[in-house]
Amino acid sequence: MSCIFCKIANKEIPSDCVYETENIIAFRDLNPQAPVHILIVPKIHIASMNDINSENSAVISEIFETVNKIAEQEDIKDSGYRVISNCGEDGCQSVQHLHFHLVGGRKLSETLS
Ligand code: 5GP
Ligand code: ZN
């Protein structure tokens, strides 16, 4: 499997991990766009938002239950933050393994595009 986030999840490639369970891993983005920029990733390979279904959605719930814990850990829970998942070509998804960007630590742009 040549997927880079599978390799990070399997510890074949090192990452700056900030949170981990049996099912998910969260690590700092290599090219941060804000003072806090963390990628939250299911350990199982789900290619994108388009591939979430009733069979694999428990891990998505776990990810969203985890966001505020990581936000607290990173001291951005009260100041605020944004969670983003890019999907497909128009969404500018560059890694084809589902991931959620958690960004904060500065005032973010008001536009989503
Ligand atoms: P996308 O553009 O697919 O939404 O986001 C992919 C993100 O993964 C980018 O922000 C990019 O900087 C990050 N990224 C790509 N390869 C690696 C890597 O090997 N390690 C880490 N920590 N981040 C990566
Ligand atoms: Zn993968």
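With all protein chains kept in place, the per residue accessible area of the chain amounts to 61 square angstrom at a probe of 1.4 angstrom. Would you work out if region 15-113 is rounded, prolate or oblate? Take a ≥ b ≥ c from the square roots of the eigenvalues of the alpha-carbon gyration tensor; rounded if a/c is under 1.5, else prolate when a/b is larger than b/c, oblate otherwise. It is oblate, given that a/c is not under 1.5 and a/b is not larger than b/c.
Amide H contacts for ALA47 (H built 1.01 Å from N in the peptide plane; partners 5 or more residues away or on another chain; cut-off under 5 Å): LEU98. Entry note, the chain: the mean residue ellipticity at 222 nm calculated from DSSP H runs of n ≥ 4, each adding -39500 (n - 2.57), is -6000 deg cm²/dmol after division by the residues and rounding to the nearest 500.
Could you compute the FRET efficiency for SER61 and CYS92, with r as their C-beta to C-beta distance and R0 at 35 Å, rounded to 0.05? Let's see the in-between values first.
Working: r = 26 Å, r/R0 = 0.73.
Once rounded, the FRET efficiency stands at 0.85.
Length gained on full extension, ARG82 to GLU110, computed as 0.36 nm times the residue gap minus the Cα-Cα distance: 9.0 nm.
If you run the Gaussian network model on the chain, springs between alpha carbon atoms under 10 Å, then out of LEU30, LEU98, LEU39 the most flexible one is LEU30. Solvent-accessible area of region 4-113 (1.4 angstrom probe, protein heavy atoms only): carbon and sulfur portion equals 47 percent.
Just to be sure I follow the rule: in region 3-79, considering lysines 8 or more places apart or on different chains, how many pairs have Cα atoms under 19 Å apart?
Details: LYS7/LYS43; LYS11/LYS43; LYS43/LYS69; LYS69/LYS77.
Eligible lysine pairs with Cα atoms under 19 Å apart amount to 4.
The values are calculated or read from the model by the stated rules, or taken from the named source; none is laboratory data. As the structure is a computational prediction, the values presented were derived from the model and not from experiment. So basically every Cβ, Gly included, is an ideal-geometry build from the backbone, and we count neighbours across all protein chains shown. We work out accessible area using only protein heavy atoms, side chains counted, and drop any ligands, DNA or RNA first. Shrake-Rupley method; radii C 1.70, N 1.55, O 1.52, S 1.80 Å.
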